[in-house]
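Laboratory data are not the source of any read-out in this text; all were calculated from the coordinates shown. Computed from a predicted model, the values in this text were never measured in an experiment. Reconstructed Cβ throughout: ideal geometry from the backbone, glycine too, with neighbour counts over all protein chains shown.
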Amino acid sequence: MGHPNEFGRRIAALRKDKGYTQEKISALLNVTPQAISKWEQGNALPDTLLLPLLARLLRVSIDYLLTGENSAGPIGPYDGEYRKEEYYWGMQPSELAGQIMELMRGDTGGKRLLDIGSGEGRDAVYFAKCGFQVDALEISFPGVEKIRRYSQLAGQQVNVLRADMIGCELPETYDVIYSHGSLQFLPPDQRQKHFAQYKQRTKLGGLNAHLIFVEKPFIKKAPDWEKNEFFYQSGDLAGYYHDWEILQWAESIVDCNSAGIPHRHAVNRIIARKIEA
Ligand SMILES: C[S@@+](CC[C@H](N)C(=O)[O-])C[C@H]1O[C@@H](n2cnc3c(N)ncnc32)[C@H](O)[C@@H]1O
């Protein structure tokens, strides 16, 4: 089950994700709040017979509770990488994030931004530093732990939503809805309705910005391309935003070193603004 500290950190993160206080969990499990605090600090472990109930409350398997993994495999494709100390995607924001900030010209005060498939939070933390109120949506538990760690290190507030983007009902409306290299996880037959929701949940005058991977016959699939990742076709994004003002659209071929093997991706980037019809 790993070190008690890891177990403690995991249950603390899950508890906060689900919005439970230590007192609430202790009441539901019929133990003292001090016991929960000891577990979370790695100073004690719960009674074995409490594990099924604790797992149910935190909505994970007992396997995951104990090891950080499900026997059926990791929940997120990058879980193994995100569990490592170093930041797989680095801590520098992406170029697209910088382009949004140029367009905003500092006008971020009180504005809300959603980062979908936030990874380890490099862009989410950057946007928070720039003054946005940031929600970071990410499926990977080790990923969200990394986002929390990075935002604390940077002294920035990032609201982490541990969720599956597929079928996720967005709880808020946003000034900016952003994704960087993550919407290939939306199956093609689900895209129309998800983009419709992103557009609908954007305030008038707000932006949507995405970087997506497009299929090119002359570029090989990345070595770490998963079975649940699906290419877009060149121009698809502009189609989804045909009725918005397209501020930037570009196609390029970029180098990547994920999985430790140098390869290339063809990508489309878009920044589009919602305009009153
Ligand atoms: C290529 S990474 C990009 C990470 C980050 N945007 C960046 O540029 O550093 C794609 C991210 O999408 C996340 N992801 C994959 N499927 C997801 C899903 N169904 N819901 C939410 N996030 C998902 C992965 O865990 C991963 O962190």
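Quick notes on this one:
- Among the trypsin sites (Lys or Arg not before Pro) found in the stretch 89-144, those both in a DSSP coil and sparsely packed, with 12 or fewer other Cβ atoms within 10 Å of their Cβ, are Arg105.
- Centre-to-centre, using Cα atoms only, the stretch 160-188 and the stretch 62-128 are separated by 12 Å.
- Projection of the Cα convex hull of the chain, averaged over all directions and equal to a quarter of that hull's surface, yields 15.5 nm².
- Dipole of the chain [Lys/Arg +1, Asp/Glu -1 at C-beta], most positive-end residue of Pro262, Val160, Val176: Val160
- Under the Debye formula (equal points on every Cα, no solvent term), log10 I(q)/I(0) of the stretch 208-276 at q = 0.15, 0.22, 0.27, 0.29 Å⁻¹: -0.53, -0.93, -1.19, -1.30
- Full-stretch length increase - Val254, Gln92 - with 0.36 nm per residue and alpha-carbon distance subtracted: 56.7 nm
- Distant-in-sequence amide contacts of Lys111, defined by a placed amide H-H separation under 5 Å and a gap of 5 or more residues or a different chain, comprise Gln133.
- With 10 Å bins beginning at zero, the pair-distance distribution over Cα atoms of the stretch 70-129 amounts to 18, 44, 24, 12, 2 %.
- Highest-MSF residue in the chain out of Ala250, Ala259, Ala27 [GNM, Cα springs under 10 Å]: Ala27
- Karplus-derived 3J(HN,Hα) values for the stretch 144-153, using 6.51 cos²θ - 1.76 cosθ + 1.60 with θ = phi - 60°, are 5, 5, 5, 4, 4, 4, 5, 5, 5, 4 Hz; glycine and proline are entered as x.
- Most tightly packed first, judged by the mean number of other beta-carbon atoms within 10 Å of their residues, the peptides 152-160, 44-52 read 152-160, 44-52.
- Compared with the rule-of-thumb size 2.2 N^0.38 Å for a compact globular protein, the stretch 145-208 has a Cα radius of gyration ratio of 1.27.
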